[in-house]
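A.B. asks: For reference, the structure I am asking about is given below.
The values are calculated or read from the model by the stated rules, or taken from the named source; none is laboratory data. This structure is a prediction, so every number in the text was calculated from the model and none was measured. Methodologically, a virtual Cβ is constructed for each residue, glycine included, from the backbone with ideal geometry; neighbour enumeration extends over all protein chains shown. The area values use the complete protein model at the heavy-atom level, side chains included, leaving out ligands, DNA and RNA. Shrake-Rupley method; radii C 1.70, N 1.55, O 1.52, S 1.80 Å.
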Amino acid sequence: MAVERTLSILKPDATERNLTGKINAVIEGAGLRIIAQKRVKWDAGDAASFYAVHKARPFYNDLVTYMTSAPIVVQVLEGENAVAKYREIMGATNPENAADGTIRKLFAENIERNSVHGSDSADNAAQEIGLVFQESEIVG
Ligand code: RTP
Ligand code: MG
(Lines give C-alpha, C1' and ligand atoms only; values in the text may rest on other atoms or scores of the structure.)
(Ligands and ions follow the chains in the order given, each with its own letter.)
Protein backbone atom coordinates (compact mmCIF):
# COMPACT_ATOMS: atom_id res chain seq x y z
CA MET A 1 0.00 0.00 0.00
CA ALA A 2 1.20 3.49 -0.79
CA VAL A 3 2.21 6.09 1.78
CA GLU A 4 -0.24 8.96 1.34
CA ARG A 5 -0.99 12.36 2.81
CA THR A 6 -4.42 13.71 3.71
CA LEU A 7 -5.74 17.00 5.06
CA SER A 8 -7.41 16.93 8.48
CA ILE A 9 -9.28 19.75 10.19
CA LEU A 10 -10.26 19.75 13.86
CA LYS A 11 -13.41 21.85 13.61
CA PRO A 12 -14.71 24.66 15.89
CA ASP A 13 -16.75 22.30 18.09
CA ALA A 14 -13.54 20.37 18.83
CA THR A 15 -11.34 23.39 19.63
CA GLU A 16 -14.12 24.96 21.72
CA ARG A 17 -14.33 21.84 23.90
CA ASN A 18 -10.51 21.54 24.17
CA LEU A 19 -10.48 18.17 22.38
CA THR A 20 -7.36 18.66 20.23
CA GLY A 21 -5.22 16.29 22.29
CA LYS A 22 -7.88 13.61 22.59
CA ILE A 23 -8.54 13.61 18.84
CA ASN A 24 -4.80 13.61 18.08
CA ALA A 25 -4.44 10.56 20.33
CA VAL A 26 -7.00 8.67 18.20
CA ILE A 27 -5.21 9.76 15.00
CA GLU A 28 -1.79 8.70 16.26
CA GLY A 29 -3.19 5.52 17.78
CA ALA A 30 -4.38 4.51 14.31
CA GLY A 31 -0.83 4.80 12.98
CA LEU A 32 -1.18 8.13 11.19
CA ARG A 33 1.61 10.67 11.69
CA ILE A 34 0.82 14.40 12.11
CA ILE A 35 3.47 15.96 9.85
CA ALA A 36 2.05 19.52 9.87
CA GLN A 37 -0.29 21.26 12.28
CA LYS A 38 -1.41 24.83 12.94
CA ARG A 39 -4.25 26.61 14.70
CA VAL A 40 -5.95 29.24 12.55
CA LYS A 41 -9.17 31.28 12.45
CA TRP A 42 -10.85 31.28 9.05
CA ASP A 43 -12.74 34.24 7.62
CA ALA A 44 -15.67 33.81 5.22
CA GLY A 45 -13.34 33.95 2.19
CA ASP A 46 -11.14 31.15 3.55
CA ALA A 47 -14.15 28.90 4.23
CA ALA A 48 -15.76 29.74 0.87
CA SER A 49 -12.65 28.75 -1.08
CA PHE A 50 -12.20 25.55 0.92
CA TYR A 51 -15.87 24.49 0.59
CA ALA A 52 -16.45 25.76 -3.00
CA VAL A 53 -17.40 22.16 -3.92
CA HIS A 54 -20.43 22.42 -1.59
CA LYS A 55 -21.63 25.84 -2.81
CA ALA A 56 -24.92 24.48 -4.20
CA ARG A 57 -25.73 22.34 -1.15
CA PRO A 58 -28.52 23.44 1.25
CA PHE A 59 -26.15 23.35 4.23
CA TYR A 60 -23.45 25.55 2.61
CA ASN A 61 -24.22 28.90 4.28
CA ASP A 62 -24.54 27.31 7.71
CA LEU A 63 -21.29 25.42 7.12
CA VAL A 64 -19.37 28.62 6.29
CA THR A 65 -20.83 30.36 9.36
CA TYR A 66 -19.93 27.40 11.55
CA MET A 67 -16.37 26.97 10.22
CA THR A 68 -15.66 30.68 10.86
CA SER A 69 -17.22 30.69 14.36
CA ALA A 70 -14.06 29.70 16.29
CA PRO A 71 -10.46 28.62 15.66
CA ILE A 72 -9.72 25.37 13.88
CA VAL A 73 -6.62 23.14 13.79
CA VAL A 74 -5.46 22.17 10.31
CA GLN A 75 -3.19 19.16 9.90
CA VAL A 76 -1.45 17.04 7.31
CA LEU A 77 -1.57 13.33 8.19
CA GLU A 78 0.79 10.84 6.60
CA GLY A 79 0.68 7.06 6.53
CA GLU A 80 -0.19 3.94 4.57
CA ASN A 81 -3.49 4.49 2.80
CA ALA A 82 -3.93 7.71 4.82
CA VAL A 83 -6.95 9.09 2.92
CA ALA A 84 -9.17 6.03 3.40
CA LYS A 85 -7.76 5.21 6.83
CA TYR A 86 -8.59 8.68 8.19
CA ARG A 87 -12.11 8.56 6.69
CA GLU A 88 -12.56 5.21 8.44
CA ILE A 89 -11.47 6.44 11.88
CA MET A 90 -13.48 9.69 11.48
CA GLY A 91 -16.74 7.76 11.09
CA ALA A 92 -19.92 8.72 9.24
CA THR A 93 -20.78 12.41 8.65
CA ASN A 94 -23.79 12.08 10.96
CA PRO A 95 -22.49 10.85 14.34
CA GLU A 96 -25.75 8.93 14.84
CA ASN A 97 -24.55 6.64 12.04
CA ALA A 98 -20.88 6.55 13.07
CA ALA A 99 -19.31 3.26 14.16
CA ASP A 100 -18.19 2.72 17.74
CA GLY A 101 -14.70 3.99 18.45
CA THR A 102 -14.67 6.51 15.60
CA ILE A 103 -13.82 10.17 16.28
CA ARG A 104 -17.31 11.32 15.35
CA LYS A 105 -18.98 8.67 17.51
CA LEU A 106 -16.75 9.63 20.42
CA PHE A 107 -16.87 13.41 20.11
CA ALA A 108 -19.26 14.87 17.47
CA GLU A 109 -22.30 16.88 18.58
CA ASN A 110 -24.41 16.55 15.39
CA ILE A 111 -24.22 16.25 11.59
CA GLU A 112 -22.75 19.77 11.25
CA ARG A 113 -20.71 20.04 14.46
CA ASN A 114 -18.99 16.75 13.68
CA SER A 115 -15.50 17.55 15.04
CA VAL A 116 -13.32 16.66 12.05
CA HIS A 117 -12.82 16.98 8.31
CA GLY A 118 -10.81 14.58 6.17
CA SER A 119 -10.09 14.71 2.44
CA ASP A 120 -12.20 12.25 0.45
CA SER A 121 -9.69 11.35 -2.30
CA ALA A 122 -5.95 11.57 -2.95
CA ASP A 123 -6.51 14.28 -5.58
CA ASN A 124 -8.65 16.37 -3.23
CA ALA A 125 -6.09 15.84 -0.44
CA ALA A 126 -3.31 17.32 -2.60
CA GLN A 127 -5.53 20.27 -3.55
CA GLU A 128 -6.70 20.92 0.04
CA ILE A 129 -3.17 20.62 1.49
CA GLY A 130 -2.00 23.17 -1.09
CA LEU A 131 -4.77 25.58 -0.05
CA VAL A 132 -3.90 25.45 3.65
CA PHE A 133 -0.15 24.82 3.93
CA GLN A 134 3.12 26.07 2.44
CA GLU A 135 5.40 23.17 1.49
CA SER A 136 7.95 24.46 4.05
CA GLU A 137 5.41 23.92 6.88
CA ILE A 138 5.15 20.18 6.15
CA VAL A 139 7.90 18.06 7.70
CA GLY A 140 7.50 14.44 6.68
P1 RTP B 1 -15.92 16.57 5.76
O2 RTP B 1 -15.93 17.05 4.33
O3 RTP B 1 -16.03 17.69 6.77
O4 RTP B 1 -14.80 15.63 6.04
O5 RTP B 1 -17.24 15.72 6.02
P6 RTP B 1 -17.96 14.66 5.09
O7 RTP B 1 -17.14 14.43 3.85
O8 RTP B 1 -18.27 13.49 5.96
O9 RTP B 1 -19.31 15.40 4.72
P10 RTP B 1 -19.65 16.37 3.48
O11 RTP B 1 -20.84 15.82 2.81
O12 RTP B 1 -18.42 16.65 2.67
O13 RTP B 1 -20.12 17.70 4.23
C14 RTP B 1 -19.17 18.64 4.67
C15 RTP B 1 -19.56 19.12 6.05
O16 RTP B 1 -20.75 19.91 5.98
C17 RTP B 1 -21.49 19.76 7.18
N18 RTP B 1 -22.81 19.21 6.87
N19 RTP B 1 -23.91 19.68 7.39
N20 RTP B 1 -26.61 20.16 8.06
C21 RTP B 1 -26.32 19.14 7.24
O22 RTP B 1 -27.14 18.39 6.78
C23 RTP B 1 -24.92 18.94 6.90
N24 RTP B 1 -24.44 18.03 6.07
C25 RTP B 1 -23.11 18.19 6.06
C26 RTP B 1 -20.72 18.81 8.07
O27 RTP B 1 -19.86 19.59 8.93
C28 RTP B 1 -19.92 18.03 7.05
O29 RTP B 1 -18.81 17.41 7.64
MG1 MG C 1 -16.44 16.01 2.61
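A.B. asks: Let me have the 222 nm mean residue ellipticity of the chain computed from DSSP H runs of 4+ only, each contributing -39500 (n - 2.57), with the sum over all residues rounded to the nearest 500. Don't jump to the answer; show the numbers that get you there.
C.D. replies: Values: 7 runs with 55 residues, N = 140.
Value at 222 nm, helices only: -10500 deg cm²/dmol.
A.B. asks: Taking 35 Å as R0, compute the FRET efficiency from the Cβ-Cβ separation of Gln134 and Thr93 and round it to 0.05.
C.D. replies: That pair, Gln134 with Thr93, gives E of 0.75.
A.B. asks: For Ala70 and Asp100, compute 0.36 nm times the residue count separating them, minus their Cα-Cα distance, and round to one decimal in nm.
C.D. replies: Length gained between Ala70 and Asp100: 8.1 nm.
A.B. asks: Going by the alpha-carbon gyration tensor, a ≥ b ≥ c the square roots of its eigenvalues, is the chain rounded (a/c under 1.5) or, if a/c is not under 1.5, prolate (a/b greater than b/c) versus oblate?
C.D. replies: Rounded, since a/c falls under 1.5.
A.B. asks: Provide the per residue accessible area, probe 1.4 Å, for the chain, rounded to a whole number of square angstrom. Could you put the intermediate results ahead of the total?
C.D. replies: Values: 7210 Å² over 140 residues.
Value returned for the chain: 52 Å² of accessible area per residue.
A.B. asks: Let me check I've understood the local charge: for Ser49, count other residues with C-beta under 11 angstrom from its C-beta, Lys and Arg +1, Asp and Glu -1. What total comes out?
C.D. replies: Charge balance near Ser49 sits at -2.
A.B. asks: Run the reach check for Lys55 against aspartates and glutamates, Cα to Cα strictly under 20 Å, same-chain hits fewer than 8 apart removed. What comes back?
C.D. replies: Those aspartates and glutamates meeting the cut-off are Asp43, Asp46, Glu112, Asp120, Asp123, Glu128.
A.B. asks: If you roll a 1.4 Å probe over the chain with all protein chains in place, what percent of the accessible area is carbon or sulfur? Can you show the working numbers first?
C.D. replies: Values: 3440 of 7210 Å².
With neighbouring chains kept in place, the figure for the chain is 48 percent.
A.B. asks: Could you tally the net charge around Pro71, taking each other residue with its Cβ under 9 Å from the Cβ of Pro71, Lys/Arg +1 and Asp/Glu -1?
C.D. replies: Charge balance near Pro71 sits at +1.
A.B. asks: Taking the Cα-to-Cβ direction at Ala2 and at Glu112 and moving 7 Å from each Cα, how far apart do the two end points lie in nm?
C.D. replies: Placing both labels 7 Å beyond Cα along the Cβ direction yields 3.6 nm.
A.B. asks: Now for a different question. In nm, to one decimal, how far is the modelled label at Glu28 from the one at Asp62, with both set 7 Å along Cα→Cβ?
C.D. replies: 3.5 nm
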